[in-house]
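Structure first, then comments.
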């Protein structure tokens, strides 16, 4: 990968501003050097929109078994406790509530139900220790609770309790043990996966070794949701937002073959500032040629298409 300095030096060579022995003398090109990071940042953002800057991330997924069975639907708590128990011991849990309430995590030991100790987090908060009772304060929007427990009994249960009406859903007890609450997997019919902070737009999504159908959807052009039943690997190819160029010593994120066009982009703007219209035109033409070649659409991986309208059968 090229650095900004290397691209800048190539632009200086195009401008024929090298010394007699082929070196760059800073005192002769300092005005160009001050402008170069700003121009290179404009160039890379232009390239990133349609050029060859892509990132790929894999998402490996295998659905975790809920010991309570599928519990995606909305349940209601009025004035009586609602309990959901397993036939074996659980080591982690997950549930979502929409308002204040009391939820007990309990184990069956010595012939009776007893409080179990553990830790939980609410949404993305800090871990909180508890023994049996988790108290949820009044909420303005649904809140996700997940945690880990140390159970020694023969089975485990969730008991939704409290004095007020509230709704709860996406509740689960898992056999798997985790070192922290944050490691407990999300549970729901569709689970959100956060994209990298430099995510700009989706280019392609492919499946590897899927054990089920295509069960994913996008929202807001950046939020990926994968169905709970999906098992396999999803590869997300996306166009990233490149890191802002502030100094020439930065390594460019654009690939090497594309980076050459940056030298002509710089040279064009330097020549325009010098009122050298002939050189600026030549650089502009060369830049356009390189950009056009590099921005040719890449073929996508073959995709199977369901003939939902039976078009093949129409005569």
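Taken together, the values in this text are just the output of simple stated rules run on the coordinates, not laboratory data. Everything numeric here is computed off the predicted structure, so don't read it as measured data. Cβ atoms come from the backbone with ideal geometry, glycine included; neighbour counts cover every protein chain shown.
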* Isotropic mean projected area of the C-alpha convex hull, the range 76-139 (nm²) -> 5.1
* Asked: Once the Cα atoms of helix 256-273 and of the chain are each reduced to a long axis, what angle between those two axes, in degrees from 0 to 90 to the nearest 10, is obtained?
  -> 50
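Could you work out the Kirkwood radius for the range 124-186, taking every pair of different alpha carbons, averaging 1/r and inverting it, reported in Å? If you can, show how the numbers build up before the last one.
Numbers: mean 1/r = 0.0728 Å⁻¹.
Averaging 1/r across every pair of different Cα atoms and inverting gives 13.7 Å.
Would you compute, from DSSP H runs of 4+ residues alone, the mean residue ellipticity of the chain at 222 nm, taking -39500 (n - 2.57) per run and dividing by the full residue count, rounded to the nearest 500?
Details: 4 runs with 72 residues, N = 315.
Computed ellipticity for the chain at 222 nm equals -7500 deg cm²/dmol.
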* Asked: Between the helical axis of 26-50 and the dominant principal axis of the chain, each derived from Cα atoms, what acute angle in degrees is found, rounded to the nearest 10?
  -> 50
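Any idea what the relative contact order of the chain is, in percent, if you count C-alpha pairs under 8 Å spaced at least 6 apart?
Numbers: 615 pairs, mean separation 79.5, N = 315.
The value is 25 percent.
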* To do: Multiply the residue separation of residue 123 and residue 231 by 0.36 nm, subtract the distance between their alpha-carbon atoms, and state the gained length in nm to one decimal.
  => 36.4 nm
* Rank by packing, highest mean first: peptides 281-292, 92-103, 191-202, with packing defined as the count of other Cβ atoms within 10 Å averaged across residues. => 92-103, 281-292, 191-202
* To do: For the range 75-187, evaluate the Debye formula with one uniform point scatterer on each Cα (no solvent term) and list log10 I(q)/I(0) at q = 0.15, 0.17, 0.21, 0.22 Å⁻¹, rounded to two decimals.
  => -0.57, -0.74, -1.15, -1.26
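Using a Förster distance of 25 angstrom, determine the FRET efficiency expected from the C-beta separation of residue 3 and residue 220, and round it to 0.05. Show your work: numbers first, answer last.
Details: r = 35 Å, r/R0 = 1.41.
The pair residue 3/residue 220 has a calculated efficiency of 0.10.
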* Expressed as an acute angle from 0 to 90° and rounded to the nearest 10, what is the orientation of the C-alpha long axis of helix 4-14 relative to the principal long axis of the chain? -> 20
* Would you kindly compute the Cα radius of gyration of the chain and its largest Cα-Cα separation (Dmax), both in Å? => 29.2, 94
* Asked: What is the calculated FRET efficiency for residue 241 to residue 76, with r their C-beta to C-beta distance and R₀ = 51 Å, to the nearest 0.05?
  -> 0.75
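So, by mean Cβ neighbours within 10 angstrom, what's the order for 80-89, 264-273, 229-238, 5-14 with the highest one leading? Spell out each step's value before the answer.
On the way: 80-89: 14.2, 264-273: 22.1, 229-238: 17.4, 5-14: 19.8.
Descending mean neighbour count gives 264-273, 5-14, 229-238, 80-89.
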* Cα centroid of the range 27-57 to Cα centroid of the range 108-126, whole Å -> 54
